[in-house]
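A short reminder: the numbers here are calculations on the coordinates, not readings from a lab. Source: prediction; values computed, not measured. Here the Cβ positions follow ideal geometry from the backbone for every residue, glycine too, while neighbour counts run over all protein chains shown.
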Amino acid sequence: MFNDLFPPGVQHALDLAGIFVFATAGALLAVRKNFDVFGIAVLALVTALGGGLFRDLVIGAVPPAAFGELSFFVTPLIAAGIVFFLHPEVQRINRAINVFDAAGLALFCVTGTTKAYAYGLGLTASAALGVATAVGGGVLRDVLVNEVPSLLRDREMYAVPALVGSTMVALCIAFEMLNPLTSGIAVVTTFLLRLLAIRFHWRAPLAWNRRSSVSEETP
Amino acid sequence: MFNDLFPPGVQHALDLAGIFVFATAGALLAVRKNFDVFGIAVLALVTALGGGLFRDLVIGAVPPAAFGELSFFVTPLIAAGIVFFLHPEVQRINRAINVFDAAGLALFCVTGTTKAYAYGLGLTASAALGVATAVGGGVLRDVLVNEVPSLLRDREMYAVPALVGSTMVALCIAFEMLNPLTSGIAVVTTFLLRLLAIRFHWRAPLAWNRRSSVSEETP
Amino acid sequence: MFNDLFPPGVQHALDLAGIFVFATAGALLAVRKNFDVFGIAVLALVTALGGGLFRDLVIGAVPPAAFGELSFFVTPLIAAGIVFFLHPEVQRINRAINVFDAAGLALFCVTGTTKAYAYGLGLTASAALGVATAVGGGVLRDVLVNEVPSLLRDREMYAVPALVGSTMVALCIAFEMLNPLTSGIAVVTTFLLRLLAIRFHWRAPLAWNRRSSVSEETP
């Protein structure tokens, strides 16, 4: 069923890198929320493994890599340990979360799309699942700490870079051009797009004729 | 494994209708919350596909229809586009959400129960999974926007119409009377029950001896 | 695939006991939140079945026991009915939730680890999934009622007793000493550890150098 698009080592290295940076973003958020050492570890694990777990359940890769690969489980704990001792000042913690989160988004949309296609999904579905893999861990993290996920709330187009990255990978697959180089370009493009969107406050439009004078919400 | 209870076209049409109305309800809530165009699309997708995704994972239909059928993926985006341009005034948005949500509830409890039984679950489990399919998307939507789901909070018996509809379908299967007509009756009954419950404020009882004078919660 | 570690009756009895106590904890929380009778039933079902459902999806036990076993479905409804009529005074409800939740935690970390190993996971992964099974229902319950899960917020080390219990079971499996007696010891140890942690306010450390004078959170 699984036809290798990458040398397995490359896929594994990209996966571990994505897990590490997402775990760091999760652990930093836990520090900001004043959680204790176990809360930090849990939030690191959930952020790092949530997206891939969802992807593996959808494509029927059972047991999911999160429970099958010991390195996938240990890496978030290492990231949590580093953050526990070396987290930045609270004032700079949000910026650090954004950078690590952007890196995770970039790595996971590429590996997610690739793995989904390798398990037999169509190109559109693979790209969609790649986006879901990339945003899934962050959504789970935000739901657990009781915030509306960046995916929905963030006016700086959280999903768009992932969408671009996944689409690039899907096109590379379609034209049989997927290799470590083109994948790397997709990762870097996604990462930079996300950082630029945050830096320059790129805005997506609100609903047509929705006057911004209307109060945020009165349910 | 799959024994057709319906002509496939009927099942597919009911599924698409349910996806469309749930997506509309999700997109309207996103407009009320002042999310941007991508937030509207995401909430439409999650509301429309969440319940069916859960059902397909439980019955082992992998990959789930949400990722296997392109039409299931495109329909919520169309609904999101329509809502983006044509949403009602904010004051009337809640009523519109309720009507579309009731229609989704009605369609999904019928198709959910039918599909669960077709994949080999027992009658009780099929009805239970039908209810879960019907309420799942709405629960996910409410969790994402950081509200307690209607399923729990709504004093107007959110789950009861779905329970009635699923039970009607399960009984029809038991007596070999399931066909497009009886399914249609189950859909309409569920839809009307939900609207009547909202309109006339039908109330389910609180816990025995729970004095309402007690403050809502003091954790 | 499934190699019996226990006589099936023992596993089933432990499962039902865990489902019953978790359902009671969920129903009590629903009463505290002033949900109606259907909200109480739903929260009992979700709390009792959520963790096991997650475990079964991860190990590929489809359909999950929650939908395959009628007794797993009826037990939470019985617990909800009992709580509906016999819930304690609101002032004492939190303590009751803690005791029932601790019992569920203890029972589920043992049965979760055992079932995961029986389905072919490694020892570390089995222990991890045992913890996830034990905490999963409570996390889902807390997310649904819009609270940050005890797992993250609770300074009294919510996850640690489950970790101890799951590790004990994994070690028993490794040394071929798993039997009803050693499992019972693991259950009791976990239960007592959790109650002691609550009673004596055992605290896990916050992040290094995180001055507690810093305000809780300023996102």
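Copy-to-copy label distances for A:LEU196, where each label lies 7 Å from Cα along Cα-to-Cβ, are 5.8, 5.9 nm in order of increasing length. Every Cα-Cα pair of the range B:1-69 was included, and the share exceeding 16 Å stands at 55 percent. Entry note, the range B:77-219: relative contact order of 25 percent, from Cα contacts under 8 Å with a spacing of 6+ residues. Here A:HIS12 yields copy-to-copy label distances, from shortest upward, of 4.3, 4.3 nm, the label point defined as 7 Å from Cα along Cα to C-beta. Spin-label pair A:GLU89-B:GLU89: with each label point 7 Å from Cα along the Cα-Cβ axis, the two points sit 5.1 nm from one another. With the convex hull constructed from alpha-carbon coordinates only, the range B:1-155 shows a mean projected area of 8.9 nm² over all directions. What's the local net charge at B:PRO149, with K and R +1, D and E -1, over the other residues with C-beta under 14 Å away? Neighbourhood net charge equals -3.
The value obtained for the protein assembly as shown, namely the Cα convex hull volume divided by the number of residues, is 160 Å³ per residue.
Largest GNM mean-square fluctuation across B:GLY26, B:GLY112, B:GLY39, computed for chain B with C-alpha springs under 10 Å, falls on B:GLY39.
Of all stretches in chain B that contain no GluC sites (Glu not before Pro) in a DSSP loop with at most 13 other Cβ atoms within 10 Å, the longest one is B:1-88. For the range A:101-115, 3J(HN,Hα) computed residue by residue from phi via the Karplus equation (6.51, -1.76, 1.60; θ = phi - 60°) reads 4, 5, 5, x, 4, 5, 5, 6, 5, 6, 5, x, 4, 4, 5 Hz, glycine and proline entered as x. Between the range B:137-209 and the range C:159-176, what is the separation of their alpha carbon centroids in Å? Using only Cα atoms to place each centre, the spacing works out to 42 Å. Taking the Cα atoms of the range C:79-216, the ratio Rg/Rh between the radius of gyration and the Kirkwood radius comes to 1.02. The convex hull drawn around the Cα atoms of the range B:75-128, when projected onto a plane and averaged over every direction, covers 4.7 nm². Quick one: Cα centre-to-centre distance for the range C:86-133 and the range B:7-68, in angstrom? Spelled out, the Cα-based centre of one part sits 32 Å from the other.
Karplus-derived 3J(HN,Hα) values for the range B:153-168, using 6.51 cos²θ - 1.76 cosθ + 1.60 with θ = phi - 60°, are 8, 5, 6, 9, 6, 4, 7, 5, x, 5, 5, 5, x, 5, 5, 4 Hz; glycine and proline are entered as x. Put in line by how crowded their Cβ is, counting other Cβ atoms within 10 Å and starting with the fewest, A:ASP101, A:ASP142 read A:ASP142, A:ASP101. Given R0 = 45 Å, the distance between the Cβ atoms of B:GLU176 and C:ASN146 translates into a calculated FRET efficiency of 0.55. Sequentially through the range C:141-147, phi angles give Karplus couplings (6.51, -1.76, 1.60; θ = phi - 60°) of 4, 5, 5, 5, 8, 6, 10 Hz, Gly and Pro residues having no value and appearing as x. Label-to-label distances for C:PRO88 across copies, nearest first, come out at 4.7, 4.7 nm, using points 7 Å from Cα in the beta-carbon direction. Give, as a single signed number, the net charge of other residues whose beta carbon lies under 14 Å from the beta carbon of A:LEU45, with Lys and Arg counted +1 and Asp and Glu -1. Local net charge: 0.
Summarising the amide proton neighbourhood of C:ASP36: residues at separation of 5 or more, or on other chains, whose placed amide H is nearer than 5 Å comprise an empty set. Taking chymotrypsin sites (Phe, Trp or Tyr not before Pro) across the range B:1-93, the ones in a DSSP loop with at most 13 further Cβ atoms lying within 10 angstrom of their Cβ are B:PHE2.
For the range B:99-145, the extents of the C-alpha atoms along the principal axes are 34, 20, 13 Å, listed from largest to smallest.
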